[in-house]
Structure formats: structure tokens, C-alpha cells
Amino acid sequence: MSHRPSLKIGDYTVTAFSDGVFETSLDVTVGIDKTLTQRVTGKTLADPVYLSVNAFLVEGRGIRALIDAGSGETMGPALGKLPENLQSAGVGLDTITHILLTHIHPDHSNGLIDGAGNPWFRKAELVVQETEIKFWFDRDISQAAHARQRANMINAKKSLTPYVERTTRIHDGPFLPGIHAMMSPGHTPGHNTWTIEGGGESLIVWGDTIHMAFLQLIHPEAAFVFDTDPQMAVASRLSLLERVRADRTRIAGMHLDFPGFGFVTRSGERYCIETD
Ligand SMILES: [Zn+2]
């Protein structure tokens, strides 16, 4: 593999771990003409699109924090591989000190528990934006806007309940030394990015800012049926893309091709992600 699965940011080592691959299609795009998506990508609406599902382990300063928890056993056999991938790299699940969520969606939070409903991470503190947990976990299921949101709320209640005594609700700002939270809302109401800083370097783990790089870097206005507020998701995407491009901040994405690290560049109207 030509890409490094891990990099150093100050005292921290950040390592990408795969939960597997999510199969979807261009049919889930909204806010962009379907003919245009097909022309730009050379795919039909029926063609499968395979997206990496990544998580990132941040180690150093006595901390072993996992950013996102994968899908667990809820999304089929091509996913849910995070626990075994961590263990086979020698990372005992009981040694994880924190789970820092980017957001509460099946491929990021259902993997907090195993198929029997028991927590995979028995010692970890769960850390989540207040806005996010209020929307998915605190509200009554009858308040769901549609069937998929309802299913996600049911899964959120199952996955987060075993952690309820050790959950920390946060707002934007520093959380651990050199690690801070910043919302980038729209994909979900409290969709969050995690910035890791140290030694003059920084990395933004940007969650689901981009799902389909081959489409959304060229047409950032392409949103998804999974976006709670597609217009806000587009605005957040544009502002973050522009910011990390302008100051050349390294990024890591949950659905960028594994391992998901890169830099955003732009030529004309098109963004690019360069790996190194
Ligand atoms: Zn996702």
C-alpha cells in the first residue's frame, strides 16, 4: 500500500482502521440533477458504489481514543470489522479510553455494541455533541420525521444506552489536550469534526464531510438522502473544504478511500484530495 495507515501529530499517533466497505449507488444523491451525476462519474444509477468506512485511533499522552465505532452487526457482512481489525493490530478493546463520535449514524455508532447488545468498549468514555445526542437519543421515537430516521433513532437508543453512565456531552471547544471538537452540521444536526494538534501540525478528522469523493469534490452541492438537512450539509462542506484547502490542514475522512488521509487542493472549480 502506498498510503501510510498512520501518522504523527505532535505527541499523538493517528492510525486508520477499517470497518469494511459500504455498498450504495448514485441513486442516493439529492440536490443535483441525476443525469449530471451520471455524466460526471461515468456510472449509472444502478451501478454499485463502494465506500470505505474508516475509524481513527488517536494514541499518546496516556490516551487511546477511537474516533467513531463502525457499524457493528447491523449493516451486513462487508461491515462491522472494526473490533477484529483493532484486536489483530494488538489494540485490546478494553484499553480504549474514549470513543469520540463524529455523529450518530448506523455506520459510525451502531458498532458501539455487539450483536447481543453488549458494549464492545467496556472502559471507554463516550463523547458526543450535545446537539447530536439530543436529536437521535433523547427524543421520543414518535418524533422521527420518516421511517429511516425512526430506524436510526431506535439503533441509537440500543447502541448508546449501555454507555449512558459514561457519556460526556460536549459543545465546540477543547476536550482533551490538543484535541478539540467543532460542529459541521447538516449531514446530521450535530455532525462534528475532531481536530488533533501538536508540534506545529494539525489534522481534522472531518467525519462525513464527503461521502463520494469522485462526485462531491467536483460538485460539492451534491447532497444525500441520508443528510438530515441537505442544504446545511452543502454549506458546511463548502466552508470546510475551502478552509482546509486555504490553510493546508491535513484531513481524515470516514468515507474517503482507506486509510482516508489527505490534503484538499483545488484547480479551478474542482477540489481534489491529494494523498502523500
Ligand atoms: Zn457515514
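Nothing in this text is a laboratory measurement; each read-out follows from the coordinates by a stated rule. Since this is a predicted model, take the numbers as computed values, not measurements. Ideal geometry is used to build each Cβ from the backbone, glycine not excepted, and the neighbour counts take in all protein chains shown.
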Result: in the chain the number of Lys pairs with C-alpha under 22 Å apart, spaced 8 or more or on different chains, is 8
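Over all alpha-carbon pairs in segment 15-84, figure out the percentage whose distance exceeds 13 Å.
Numbers: 1682 of 2415 pairs.
Value for segment 15-84 (Cα pairs over 13 Å): 70 percent.
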Short to long, in 10 Å steps from zero, the percent of alpha-carbon pairs of segment 6-274 per bin is 7, 31, 39, 20, 3, 0
With Glu274 itself left out, Lys, Arg at +1 and Asp, Glu at -1 over residues whose Cβ is under 13 Å from its Cβ give +3
Under the helix-only model (-39500 (n - 2.57) for each DSSP H run of 4 or more, divided by the residues of the chain), the mean residue ellipticity at 222 nm, to 500 deg cm²/dmol, is -5500 deg cm²/dmol
In order over segment 185-192: 3J(HN,Hα) from phi, Karplus 6.51/-1.76/1.60, θ = phi - 60°, whole Hz, x for each Gly or Pro, gives x, x, 4, 9, x, x, 3, 10
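Pull out the extension gain between Thr44 and Gln87, defined as 0.36 nm times the separation in residues minus the alpha carbon to alpha carbon distance; nm, one decimal. Walk me through the numbers on the way to the answer.
Details: separation 43, 0.36 × 43 = 15.48 nm, distance 3.83 nm.
This chain segment gains 11.6 nm when fully extended.
Please state the relative contact order of segment 6-274 as a whole percent: Cα pairs under 8 Å, 6+ residues apart?
Values: 606 pairs, mean separation 49.3, N = 269.
Computed over segment 6-274, the figure is 18 percent.
Let me make sure I get this right: for segment 189-265, a, b and c are the square roots of the gyration tensor eigenvalues over alpha carbons, sorted descending. Under 1.5 in a/c it's rounded, otherwise prolate if a/b > b/c, else oblate. Which is it?
Numbers: a/c = 1.74, a/b = 1.61, b/c = 1.08.
Here segment 189-265 falls in the prolate category.
Relative contact order of segment 1-159, please, whole-number percent, based on alpha carbon pairs below 8 angstrom and at least 6 residues apart. It would help to have the intermediate numbers written out before the result.
On the way: 293 pairs, mean separation 29.7, N = 159.
Dividing the mean separation by the residue count of segment 1-159 yields 19 percent.
Please state the shape class of segment 85-125: rounded when a/c is under 1.5, otherwise prolate if a/b exceeds b/c and oblate if not, all from the C-alpha gyration tensor.
Values: a/c = 1.56, a/b = 1.36, b/c = 1.15.
Here segment 85-125 falls in the prolate category.
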Where a ≥ b ≥ c are root eigenvalues of the Cα gyration tensor, a/c under 1.5 meaning rounded, otherwise prolate if a/b exceeds b/c and oblate otherwise, segment 96-194 counts as oblate
Expressed in angstrom and rounded, the centroid-to-centroid distance over alpha carbons for segment 141-173 and segment 78-92 is 24
Computed ³J(HN,Hα) along segment 56-71: with the Karplus parameters 6.51/-1.76/1.60, θ = phi - 60°, integer Hz and x for glycine or proline, the list is 10, 9, 10, 10, x, 6, x, 10, 10, 9, 9, 8, 6, 10, x, 9
By Cβ neighbour count within 10 Å, fewest first, Lys43, Lys134 rank Lys134, Lys43
